[in-house]
1. Which distance in nm do the two modelled labels at residue 16 and residue 60 give, with both placed 7 Å along the Cα-to-Cβ direction?
2. Could you rank the peptides 109-116, 26-33 by their average count of other C-beta atoms within 10 Å per residue, with the highest value first?
3. For the pair residue 90 and residue 44, how long in nm is the line joining their label points, each one 7 Å along Cα→Cβ?
4. In Å³ and rounded to a whole number, note down the convex hull volume per residue for the Cα atoms of the range 6-67.
5. Please give the FRET efficiency for residue 103 paired with residue 24, using the beta carbon to beta carbon distance and R0 = 41 Å, rounded to the nearest 0.05.
């Protein structure tokens with residue numbers, strides 16, 4: 001969704017609100033996709049205020065979304081999958097998830113700092 005700006009999405013929401021038949025009409029999926037596509041480049045609070053969305057609804061959609069968030073080469077990890085205390089064997093499992101496939105490998109935690117700079121080539 002390159003080229004989407006907060007202003008263009010705000011305009012799309014305004015048009016939809018002006019044309020909807022009832023205040024109880026659900027926000028269409030394409031508008032939700034546009035709104036979710038603004039994050040993380042824009043703060044959630046700003047997105048919600050400008051688009052007049054509920055913060056809790058936006059958060060729920062964001063967490064339940066199958067959206068792949070890519071922003072300038074960064075990879076976003078889910079907090080749910082991060083373990084606070086790794087197993088005593090000092091190995092960590094890394095997974096790089098793409099749209100069609102994923103790559104998982106196991107690395108000694110002490111070698112992680114040497115491997116991380118090379119992961120960019122895989123993205």
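1. Rounded to a tenth, the inter-label distance reads 1.6 nm.
2. Going by the mean number of other Cβ atoms within 10 Å, highest first, we get 26-33, 109-116.
3. Simple spin-label model gives 3.7 nm for this pair.
4. 81
5. Efficiency, from the Cβ-Cβ distance: 0.40.
No lab work stands behind these numbers, since they all come straight from the coordinates. Keep in mind it's a predicted model, so treat the numbers as computed, not measured. Cβ sites come from the backbone with ideal geometry, for glycine too, and all protein chains shown count toward neighbours.
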